[in-house]
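Structure first, then comments.
The values are calculated or read from the model by the stated rules, or taken from the named source; none is laboratory data. Computed from a predicted model, the values in this text were never measured in an experiment. Positions of Cβ are backbone-derived with ideal geometry, glycine not excepted, and every protein chain shown enters the neighbour counts. Each accessible area value is taken on the protein alone, full model and side chains, heavy atoms only, with ligands, DNA and RNA left out. Shrake-Rupley method; radii C 1.70, N 1.55, O 1.52, S 1.80 Å.
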Amino acid sequence: MGSGSRSARGYEFGRTYVVRPKGKHQATIVWLHGLGDNGSSSSQLLESLPLPNIKWICPTAPSRPVSLLGGFPCTAWFDVGEISEDLQDDIEGLDASAAHIANLLSTEPTDVKVGIGGFSMGAAIALYSTTCYALGRYGTGHPYTINLRATVGLSGWLPGWRSLRSKIESSNEAARRAASVPVILAHGTSDDVVPYRFGEKSAHSLAMSGFRQVVFKPYEGLGHYTVPKEMDEVVQWLASRLGLEGWR
């Protein structure tokens with residue numbers, strides 16, 4: 001566990017929980033909780049997964065006023081209003097959280113593969129971080145230096161999807177990085193918080209922008225939560241993409 005750190009806006013990130021690998025340390029993944037949750041509940045879920053070679057880092061978002069909740073404060077990676085087609089992206093908040101995540105990964109050994117995953121709003125910041133990796137910079141233009149090797153997004157959405165394709169197509173290096181990173185997205189067809197079409201559209205937008213290794217998994221009848229079958233598929237996907245030893 002670690003204490004919080006200050007974000008760009010002065011909101012303080014909460015406690016970070018770490019699940020140590022039970023076997024040889026081959027990969028480190030930062031896992032990001034949903035709106036109003038914390039890193040502790042993520043760590044409890046991840047500790048039960050049969051992935052002994054992964055170290056999980058589970059930070060807690062800052063507590064901040066959230067427009068979706070009428071300004072009520074709760075843990076949130078960035079501010080978000082109504083989840084709709086006209087959603088306005090909080091670039092400053094997205095960048096602050098993406099930088100905090102990158103900082104958590106920056107001290108990992110060079111022979112360890114690193115990735116990002118998350119649920120709901122956590123999935124959104126995981127996908128945003130992945131677009132920063134492809135572009136080589138944050139939304140503010142500062143360089144993004146983490147070499148991401150895998151991204152998992154459950155029941156989430158892709159911030160900045162409208163302009164992503166044109167940004168990536170303008171740079172050969174961005175196109176190369178986008179093509180190099182595997183992404184798995186999963187979404188329930190009965191999600192009443194982040195509608196299914198947002199998950200579908202996110203996968204489509206990534207693929208159209210040059211992310212060539214995108215897997216999209218629909219779950220019939222699933223609401224805004226995870227189920228064991230979904231986590232089993234994530235486990236198998238991570239073990240395969242990251243080339244993990246002894247995962248079963």
Accessible surface of the chain, 1.4 Å probe, proportion on carbon and sulfur as whole %
49 percent
Figure the gain on full extension for Ala179 and Asp232 (residue separation times 0.36 nm, minus the Cα-Cα span) and round it to one decimal in nm.
16.6 nm
Which aspartates and glutamates, on any chain, are close to Lys24 with Cα under 12 Å apart, when same-chain ones fewer than 8 places away are left out?
Asp111, Glu245
J(HN,Hα) series, segment 138-153, from Karplus relation 6.51 cos²θ - 1.76 cosθ + 1.60, nearest Hz, glycine and proline x:
6, x, 7, x, 5, x, 9, 10, 7, 8, 6, 10, 6, 9, 10, x
Between (i) 1.05; (ii) 1.14; (iii) 0.92, the structure-derived Cα Rg over 2.2 N^0.38 Å is (iii)
Asserting the computed 222 nm helical MRE of the chain (DSSP H runs at least 4 long, -39500 (n - 2.57) per run, divided by residue count, to nearest 500) equals -10500 deg cm²/dmol
Residues meeting the amide H criterion for Thr28 (H placed from the backbone, H to H distance under 5 Å, 5 or more places apart or on another chain) are Lys55, Lys113, Val114, Gly115
Compute the length gained on full extension between Ser171 and Val18: take 0.36 nm times their separation in residues and subtract their Cα-Cα distance, giving the result in nm to one decimal.
51.5 nm
Find how many whole Å separate the alpha carbon centroid of segment 61-129 from the alpha carbon centroid of segment 173-246.
17 Å
Please compute the modelled spin-label separation between Ala207 and Arg162, points set 7 Å along Cα→Cβ, answer in nm with one decimal.
2.4 nm
Skipping prolines and chain starts, which residues have an amide H placed within reach, meaning under 5 Å, of the one on Ala150, given they are 5 or more residues away or on another chain?
Ile116
Accessible area per residue, 1.4 Å probe, Å², for segment 14-242: what's the number?
41 Å²
Please compute the modelled spin-label separation between His142 and Cys74, points set 7 Å along Cα→Cβ, answer in nm with one decimal.
2.8 nm
